[in-house]
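For reference, the structure is listed below as structure tokens.
Every number in this text was worked out from the coordinates using simple rules, so none of it is lab data. Owing to the predicted nature of the structure, the values given are computational and were not obtained by experimental measurement. A quick note on method: Cβ atoms are made from the backbone with ideal geometry, for glycine too, and the neighbour counts reach across all protein chains shown.
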Amino acid sequence: EAAVTQSPRNKVTVTGGNVTLSCRQTNSHNYMYWYRQDTGHGLRLIHYSYGAGNLQIGDVPDGYKATRTTQEDFFLLLELASPSQTSLYFCASSDAGLGGYAEQFFGPGTRLTVL
Amino acid sequence: QQKVQQSPESLIVPEGAMTSLNCTFSDSASQYFAWYRQHSGKAPKALMSIFSNGEKEEGRFTIHLNKASLHFSLHIRDSQPSDSALYLCAVRQGGRALIFGTGTTVSVSP
């Protein structure tokens, strides 16, 4: 089964602070994703990537940057954190799959609190 | 933009009963439909997926898809307390990015 790890697992920062969330997958998947999960909103896609150096904008990208440095590593950056970014963040990965449809494997999540 | 909505928001089901969850989508060109399950404090995990109209069964779980109605559903036969979780439906909209619904919280009472 795919292994996706995230760090840190919990993070508290202040308004205006810089935060970097890290994600690593070890199953050689090409695709990686960042989601945020909030009560009443389900999972919302922030950014995703097809491979190292590639970045695609998701549905809720404002206030977030992302960078895919290698096939394994995908980072989410909050450069001026705001309380509205307090959330549970999930990273996921998938391979191309048949015709492009493939199961996504999720990491354990990072709970971020912005005071 | 694709809208994916789930109903009900939550439900309580007695052990052994059938659980039925609904998902509607807005883009008739959608091609891939999936259900994920998330136990409390855990990561979402894929349950089942379907590509074409009809029904697909895996063990106690069955997906129905009706593209013309922009609707698909998940049915859990003989519901168990271990089925208590948040259920998320997802639809593929272009590329590799799934659009998720807001979820249905299921509680199975012993």
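Amide hydrogen proximity for B:S84: with H placed 1.01 Å from N in the peptide plane, the residues at 5 or more positions away or on another chain lying under 5 Å are B:V108. The trypsin sites (Lys or Arg not before Pro) of segment B:1-90 that DSSP puts in a loop, and whose beta carbon has at most 16 other beta carbons within 10 Å, are B:K3, B:K42, B:R60, B:K67, B:R77. Based on Cα contacts under 8 Å between residues 6+ apart, segment A:23-79 shows a relative contact order of 31 percent. The trypsin sites (Lys or Arg not before Pro) of segment A:1-52 that meet both conditions, a loop assignment by DSSP and at most 12 other Cβ atoms within 10 Å of the site Cβ, are A:R9. The charge dipole of chain B, taken about the Cα centre with unit charges on the Cβ atoms of Lys, Arg (+1) and Asp, Glu (-1), comes to about 360 debye, rounded to the nearest 20. Restricting the chymotrypsin sites (Phe, Trp or Tyr not before Pro) of segment A:36-115 to loop positions (DSSP other than H, G, I, E, B) with no more than 15 neighbouring Cβ atoms within 10 Å leaves A:Y50. Shielding value for A:36-49 is 4, the average number of Cβ atoms from other chains within 10 Å of each residue's Cβ. The length gained on full extension between A:L115 and A:N18, counted as 0.36 nm times the residue separation minus their Cα-Cα distance, comes to 33.7 nm. Just check segment A:1-48 against the gyration tensor rule for me: Cα atoms, a ≥ b ≥ c as the square roots of the eigenvalues, rounded for a/c under 1.5, and otherwise prolate or oblate depending on whether a/b exceeds b/c. Verdict is oblate for segment A:1-48. Across peptide B:41-54, the average count of Cβ atoms from other chains found within 10 Å of a residue's Cβ is 3.
Once you have the Cα-Cα distance between A:L80 and A:A96, take 0.36 nm times their residue separation minus that, and quote the gain in nm to one decimal.
Gain on stretching A:L80 to A:A96: 2.4 nm.
Cα centroid separation, segment B:64-104 to segment A:72-91: 26 Å. Of all DSSP beta bridges confined to chain A, the antiparallel ones make up roughly 90%.
What is segment B:43-84 by shape, rounded, prolate or oblate, if you read a ≥ b ≥ c off the alpha carbon gyration tensor as root eigenvalues and call it rounded for a/c under 1.5, prolate for a/b larger than b/c, and oblate otherwise? The shape class here is prolate.
With no solvent and one equal point scatterer per Cα, compute the Debye intensity ratio I(q)/I(0) for chain B at 0.16, 0.20 Å⁻¹ and report its log10, rounded to two decimals. Results for chain B at q = 0.16, 0.20 Å⁻¹ read -0.66, -1.02.
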